[in-house]
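Student: Okay, handing you the structure first.
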Amino acid sequence: MVYDLIQAIASWIKSLYHDVKIYDGPVLQDIKLPCFFITTLQIDEVSSLKDFYRRGIPFVVDYLPDDRKPNFMDDIYQVQDTFGLPFRQLILNDKQLWIKNKTISYDREQKVLHIQFMLDIRQALDLDDPAMQDLSLEEGVKEDEHE
């Protein structure tokens, strides 16, 4: 599922930046600038309610501009605006996924724009799964052996 999410993010970026390379893994040499890197932290938050569960999966998208261009900061601002307000939902297999907790920052020393966000995934629970059992307070409590 995480790979599908990375591909959905990459498709959205590619629809806006046709000529920009997108990487989803480490590049050892010959990096082509400008480019995007998409990574996930593989740490998720799961909570369940009565008939569905929510999962939050954190992602990081890094944009590396071609800093040899004299106006590369214009590109930084344009990408920042693109990921700002319009980037609120992502479509995956006809499902709308909400983007939450988005932060955008620029590292001047490294010349990298960092976009961090959480994808909020909601999925209905399978009705065939066994229901949770209720436990009363007395069940599972051992009798005091010293009485």
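Student: Could you list TYR3, TYR17 so that the one with the fewest beta carbons within 10 Å of its beta carbon is first and the one with the most is last?
Tutor: TYR3, TYR17
Student: Near GLN89, within a Cβ-to-Cβ distance under 14 Å, what is the net charge of the other residues, with Lys and Arg +1 and Asp and Glu -1?
Tutor: +3
Student: Could you calculate the FRET efficiency of THR103 with ASP51 from 1/(1 + (r/R0)^6), where r is the beta carbon distance between them and R0 is 22 Å, rounded to 0.05?
Tutor: About 0.10, to the nearest 0.05.
Student: Over segment 2-124, what is the relative contact order in percent, taking alpha-carbon pairs closer than 8 angstrom and at least six residues apart?
Tutor: Over segment 2-124, the number comes to 24 percent.
Student: How many nm separate the modelled label positions at LYS14 and MET1, each set 7 Å beyond the Cα in the direction of the Cβ?
Tutor: Going by the 7 Å Cα→Cβ label model, 2.3 nm.
Student: Going by how many other beta carbons lie within 10 Å of each one, how would you line up VAL20, VAL27, fewest first?
Tutor: Details: VAL20 19, VAL27 11.
Lowest to highest Cβ neighbour count: VAL27, VAL20.
Student: When the Cα atoms of segment 2-124 are enclosed in a convex hull and the volume is divided per residue, what value in Å³ results?
Tutor: So the per-residue Cα hull volume is 113 Å³.
Bear in mind these aren't lab numbers, they're just calculated from the coordinates by the rules spelled out. Every value quoted in this text rests on a predicted model; they were computed, and no experiment measured them. Every residue, glycine among them, receives a Cβ derived from its backbone with ideal geometry; neighbour counts consider all protein chains shown.
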